[in-house]
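Beneath this line is the structure, given in structure tokens, with notes to follow.
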Amino acid sequence: MSRAVLLALLATVLLFPAAADASAANVVISQVYGGGGNAGATYRNDYVELFNAGAANIDLSGWTVQYATAAGTSWQATPVSGTIAPGRYYLVQLASNADVGASLPAADATGTSNLAATTGKVALVRGTAGLTCGATAGSCAADPLVEDLVGYGSATDFEGTGSAPALSSTTAGLRANAGCSDTGDNAADFTDGAPLPRNSAASAHACGSGSTQGPSGSASVDLTVGSVLSVSLDRPSLSFGTFAAGERPTALPERVTVSSNNAAGYTLTSARTAFAPADLPLALSASAPSGATLAGALSGGALVPIPVSPAAGLSIGSKSAPSGAGGDVWLTNVGFASPLPLVPTGRYAATVTFTALAR
């Protein structure tokens, strides 16, 4: 087999010395209800329902469900915790306007945010700090910690081409296919309908299930599967924020997924461009996925300097077999090998490249 190289670029690493400056996990917001306790309300409390559309358990520790008004940029955060299993739901109970409507099923998390019944914004965030985005469409999607966003009614921010429908005291925003539909467009993924809150004890729903067998015919089908070698990153950019000379920013995580059907496997390396206007000591550490071998220089979790092209790349590791289902995830951390040198105030940027090479 010929050797094939595919590149994935980690776009601009940002650093601001000496002046002031955050999947995909497959967890989505599957329902939003803001009419809790209103006149004629179906349920007594507002709620947000989460759903794990993926195939692995997801730890929600350190995550929050956040709410802002339709045009607001000040968000109220409700902490969530625990694990959400594949195909399972997670119910976040929120505020109530009055003792009107039925009680919700036992909540998996509770908060005090009072959602607007007809129009607003809800975000699932992999962090605890309140968001400051939402004034314009797409502004929250630019935050790498925003796992999912639903703008409903006349919300100023939403995913895709438009917001989910306006809601009421008797209707909730419902993600299609019991939570499985996620095209990245609120207008396409959500409809309004009768609230149906589900918690972690509700029956699991496997995405892709539910088809009905009817009359059938048969046809011969064949195809040829070609060679696959690809690299993808969970975040297209990493921003360290603002630091002064002599400080050492905390390393930021980057999941590098390699997909290969080559029986002989592949090797993974990394290189970078120099920072401009002056270079900085960028480095990375890594851990290998199951069945793969980490390069010796990275053993023990040390941060190892990333070479500047055209120098030979840093060897991260290798695998002598095809990737598992969904690819091999190499957990890397991009940071600095030493404290920042004394350089002029300004913005410093570089590009990190991860390269997979067929063996």
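The values are calculated or read from the model by the stated rules, or taken from the named source; none is laboratory data. On a predicted model such as this, the values are computed, not experimentally measured, just so you know. Backbone-built Cβ (ideal geometry, glycine too); neighbour counts: all protein chains shown. The protein model used for the area step is the full one, side chains on, heavy atoms only, and it has no ligands, DNA or RNA in it. Shrake-Rupley method; radii C 1.70, N 1.55, O 1.52, S 1.80 Å.
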What number of residues within region 270-288 satisfy the criterion of being open to solvent by less than 20 Å² (accessible area, probe 1.4 Å) and not aliphatic (A, V, I, L, M)? 4
Scan region 49-62 for residues that are of a type outside the set (D, E, K, R) and not in a loop (DSSP other than H, G, I, E, B) and jot them down. LEU50, PHE51, ASN52, ILE58
Test set (1) more than 26 Å from SER103 (Cα to Cα); (2) open to solvent by 40 Å² or more (accessible area, probe 1.4 Å) - ASP185 fails condition number: (2)
In region 217-269, residues that are assigned to a loop (DSSP other than H, G, I, E, B) and either open to solvent by 60 Å² or more (accessible area, probe 1.4 Å) or modelled with pLDDT of 90 or more (or both) total 26
Considering only region 299-337, state which residues are under 20 Å from LEU229 (Cβ atoms), aliphatic (A, V, I, L, M), open to solvent by less than 50 Å² (accessible area, probe 1.4 Å) and under 26 Å from the mean Cα position of the chain (by Cα). ILE316, VAL329
Subset tally (residues that are outside any loop (DSSP other than H, G, I, E, B) and open to solvent by less than 10 Å² (accessible area, probe 1.4 Å)) for region 29-48: 7
Residues that are loosely packed, with under 15 Cβ neighbours inside 10 Å and not aliphatic (A, V, I, L, M), drawn from region 50-108: ASN57, ASP59, SER61, GLY62, SER74, SER81, GLY82, THR83, ASP99, SER103
All positions within region 123-144 that are hydrophobic (A, V, I, L, M, F, W, C), open to solvent by 50 Å² or more (accessible area, probe 1.4 Å) and under 15 Å from the mean Cα position of the chain (by Cα): ALA141, ALA142
State which residue is farthest from the chain's Cα centre (by Cα) when the search covers only region 342-359 and only residues that are open to solvent by less than 50 Å² (accessible area, probe 1.4 Å) and under 17 Å from THR242 (Cα atoms). VAL343
Residue under evaluation GLY120, criteria (1) open to solvent by 30 Å² or more (accessible area, probe 1.4 Å); (2) touching a Ser or Thr at 6+ places or on another chain (Cβ under 7 Å), criterion not met: (1)
Residues satisfying the stated conditions in region 287-334, i.e. part of a strand (DSSP E or B) and not aliphatic (A, V, I, L, M): SER287, THR293, PRO305, SER315, GLY317, SER318, LYS319, ASP328, TRP330, THR332, ASN333
